[in-house]
Structure formats: C-alpha cells, structure tokens
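Structure record follows, encoded as structure tokens.
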Amino acid sequence: MNDNKLYQLDVHVRWYGYIALIVAILFFSGIFQSAEGPIRALDFTNVLGGFGKLGSLTEGAGTLANDFRGTGGSGGKDAWLFALTIFPAVMLALGVVKVVEYLDGLKAAQKLLTPILMPLMGIPGLCGLTLIASLQSADAGASMLNELSNSSLINDRQKTIFACFQYSAGATLTNYLSSCAVLFPFFSITIITPLVVVFAFKIFGANLMRLYLTKVYKGEL
Amino acid sequence: MEKEAKTNGTIIDAFVEGARNGYKLSANSMVPNVLFAFAMIQILNLTGLTDILGRVFEPVMGIFSLPGIAATVLIAAFLSIGGGVGVAASLYASGMLTNQNITILVPGILLLGASLQYMGRILGTSNVKNNFYPILIAINIINATLAMLLMRFIA
C-alpha cells in the first residue's frame, strides 16, 4: 500500500516538463533533419554538425588542411576536434606557471607588489600574497580576503576595494592561460598585451570603487 | 604546504603537475564549454538568428569596431568565461569574427567574465556587503567597455 503511494503521488512534474519531453523526442527523432528553414535546428544530427574536410591530394596537385581539424567543419563534431587542438597550449602554459611558482617567481612578484599596493589601490602591503593567490584562483583569493578581514588586518573599506579588484577578471592568470588559450592563435598582437590591459583595468576598477566609497557612499561600511 | 612540495619535488615534477592541471582543466572545463558554444552557434546559424542578432547589436558593437554578432560573446562571457571564449572561437571558425575582433574581445571577456558566478564565489566568500553588488557589477561593465575601446586602437 505504502509502496504504491510512493510511485503514484510523489512524482510532481512541473508544467514545462511535458514540453521538454516532446521537444526532446522531436529532437532525437530525426524528422526535421532535412526540413527547410529554422526548424532544422531542432534536430540532433544537424546540431552535431560535421567534421572538417582534410582535403585531398592527387598526383602533384591538391591541397591539405593545416591540421587534423580540417576545414569547413561545424557544430559539436567540429567543437570536439577544435578543443583537442588546444590541449597542448593549456598544458604547456600551466606547466610553465608551476615552474615559475617553484622557482619563487610568484613570491618575487608578491615582494615587488607589496610596497606599491597602498598608493596603487589604497590597500595595505600585507594583501600581496592574497593578491597573487587571487590571480590564480578566485576561491583562494576570496577566502584569504575574508580571513584578512576577519582577523581585522584590513578594514571594511579596504576589503570592499580589494574585493572589487578580485571581482573584475577573477582568477585572471588561470583564466587567461587556460580558457583564453583557445584564442591565442587568432590574436593580431602579442599574447601579453591583452593581459597587461586587463591588469591595468582591474586596478582602475578598484580605484573607481575607492572613489565611490570616498565621494559618493554615505552609508555605514 | 608549499615548503613540503619544494623539498619533495623537482622542477620537473612542478612542470608535470602544472601540465596535469592543464590537462584536467582542458578535459573537464574547456571541452564541455567549447562544445556548448559550438552547438549554440550551430543552432543560431541553422535558425538564421545569427543575422538578426548581428543586425540588432550592430550599433552598439560598432563602437568597438566589432560586428553585431560579437554581442553573443559578451553575453555568454557574463555567465561563464569558458562559454564566452567558446562562442568567440566558434564565430571565428565560421568566419564571422576576424583576428582583430578576437583581440579586442579578449579583455572584455575577462573583465566581464563570469560576473554572475563570481558574485557567489568572490563577493559571497569575502563577505562584501550586498548593497555593493550593483556597483561592483557596474564597475565590471565599465572596465570591459573601456578596455575594449582601448584595444580597438592597439589591436
């Protein structure tokens, strides 16, 4: 009796559940595969797309694609091969960062940053380590910031300014070297330039917050 | 803990550990994001929405000398950096964005990047007062806008 109840009553379906099911059945059914117009998008095979062509060589003639991804691919299949071409760049970049960390390079950066943090953003030098951490991991940076504030090493005003710095382009280094590495081959300028621009605007944003807290904000911190 | 790693590992271990992180990031985060983005752009292409979005956002994106469709990159970036990058790559692959467009967009993707997600992960974790959230998001948008304007002249 109880078991029956469990099977009958406990299933609550939100109204869009039925729509989702119908759409899914249509999506996988293949009936729109060779349809005309926008409805083509409602087909699994069409969204899956196709792999690129590698080109062909006949005797003494013909052209080949630059890499295994080929040319003219689309959809999910093209995404897969494209993503594979990015693996080496991400692995090499993060490997090198680890080596820099191993060789105390990040500590050197921290040491160089520490004396300029106060004039730069109005936060004390002891935030240096947290700042470096926040460039690598959003979560590490934020929890270290919380720790600084809980142990009263920085006040709420400084915390808010520093949080602003971390919030815009969070985990800058990691995101740049992993996610954005996908786009490195397409840049029209050196790889370092956009990173410098981002860093400059992180500091700029923190100063906007600093200005806001000084000039506009009247409430309690 | 850092000390420990240093006494136990060599420089080669450090590199390999970093590269392993890169592999994990690629497989667990980059591939699913890129797949999502390519599928989304494929749907936009199949439905013909790409042209409509391109026309709608043309006036705004024109300020950064970007085509209208570039707006989809920024919208995706606001939700997730991987998503934004994926959309950009997909649009480049289908010839809708140029090398210069990509270069202008990258600082925008980062500075605007994952504002929604980081609201919890950065602002929430560091216990910033809730009434500062709107201005913090506004600063992200200002940062991204100015950075892309600057990139327009560098790229």
Problem - 5 Å-binned pair-distance histogram of the stretch B:2-154 (Cα, whole percent) - result: 2, 9, 15, 17, 16, 13, 12, 8, 5, 2, 1, 0
Problem - chain B - charge dipole about Cα centre, Lys and Arg +1 at Cβ, Asp and Glu -1, debye rounded to 20 - result: 200 debye
Completion exercise
In degrees, nearest 10, the alpha-carbon axis of helix B:31-47 is tilted away from the dominant principal axis of the alpha carbons of chain B by 10 degrees
Handout entry: Count of Lys pairs (Cα-Cα under 27 Å; at least 8 positions apart or interchain) in chain A
Key = 13
Exercise for the section: Putting +1 on Lys and Arg Cβ atoms and -1 on Asp and Glu Cβ atoms, find which of B:Ile141, A:Leu177, B:Ala114 reaches farthest to the positive end of the dipole of the protein assembly as shown. Expected result: B:Ile141
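What ranking, highest mean first, results for peptides B:139-148, A:169-178, A:103-112 when packing means the other Cβ atoms within 10 Å averaged over each residue?
Per-residue mean Cβ counts within 10 Å order the peptides as A:169-178, B:139-148, A:103-112.
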Handout entry: Total charge dipole magnitude, the protein assembly as shown, about the Cα centre, Cβ charges on Lys, Arg, Asp, Glu only, Debye to nearest 20
Key = 820 debye
Practice task
Can you tell me the 0 to 90 degree angle between the C-alpha axis of helix B:81-93 and the longest principal axis of chain B, rounded to 10?
Solution key: 50 degrees
Handout entry: For the stretch B:121-126, Karplus couplings with θ = phi - 60° (6.51, -1.76, 1.60), whole Hz, Gly/Pro x
Key = 6, 9, 5, x, 4, 8
Practice task
For the stretch B:32-50, state which residues have at least 20 Å² less accessible area in the presence of all protein chains than in their chain by itself, taking the probe as 1.4 Å and leaving out ligands, DNA and RNA.
Solution key: B:Val34, B:Leu35, B:Phe38, B:Ala39, B:Gln42, B:Ile43, B:Leu46, B:Thr47
Handout entry: chymotrypsin sites (Phe, Trp or Tyr not before Pro) restricted to DSSP loop in the stretch A:30-117 with at most 13 other C-beta within 10 Å
Key = A:Phe68
Exercise for the section: Calculate the mean, over all residues of peptide A:191-201, of how many other protein chain Cβ atoms lie within 10 angstrom of the residue's Cβ. Expected result: 6
Exercise for the section: May I ask you to derive the relative contact order of chain B, considering only C-alpha pairs under 8 Å and at least 6 residues apart, and to give it as an integer percent? Expected result: 20 percent
Fill in the blank from the handout: Whole-Å distance linking the alpha carbon centroid of the stretch A:152-221 with that of the stretch A:81-95 is 26 Å
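Quick one: putting +1 on the C-beta of Lys and Arg, -1 on the C-beta of Asp and Glu, what dipole do you get for chain A around its Cα centre, in Debye to the nearest 20?
Values: 15 positive and 13 negative charges, 138 e Å.
It comes to approximately 660 debye.
Please give the peptides B:106-113, A:92-99, A:36-43, A:11-18 ranked by average Cβ packing (other Cβ atoms within 10 Å per residue), highest first, as a rough proxy for protection. List each step's numbers first, then the result.
Details: B:106-113: 30.6, A:92-99: 20.9, A:36-43: 15.1, A:11-18: 8.4.
Taking the mean over residues of other Cβ atoms within 10 Å, the ranking is B:106-113, A:92-99, A:36-43, A:11-18.
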Practice task
Measure out, as a whole number of angstrom, how far apart the alpha-carbon centroids of the stretch A:21-37 and the stretch B:79-139 sit.
Solution key: 33 Å
Fill in the blank from the handout: Any DSSP H helix in chain A with Cα axial reach of 20 Å or more and mean Kyte-Doolittle score of at least 1.0? Listed by number, the hits are A:75-102, A:192-211
Practice task
With everything on Cα atoms, drop me the angle between helix B:133-154 and the longest principal axis of chain B, reported from 0 to 90° to the nearest 10.
Solution key: 70 degrees
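The values are calculated or read from the model by the stated rules, or taken from the named source; none is laboratory data. From a predicted model like this one, the values you see are computed outputs, not experimental measurements. Because the Cβ atoms are built from the backbone with ideal geometry, glycine has one as well, and the counts that use them run over all protein chains shown. In case anyone asks, the SASA skips ligands and DNA or RNA and just uses the protein heavy atoms, side chains included. Shrake-Rupley method; radii C 1.70, N 1.55, O 1.52, S 1.80 Å.
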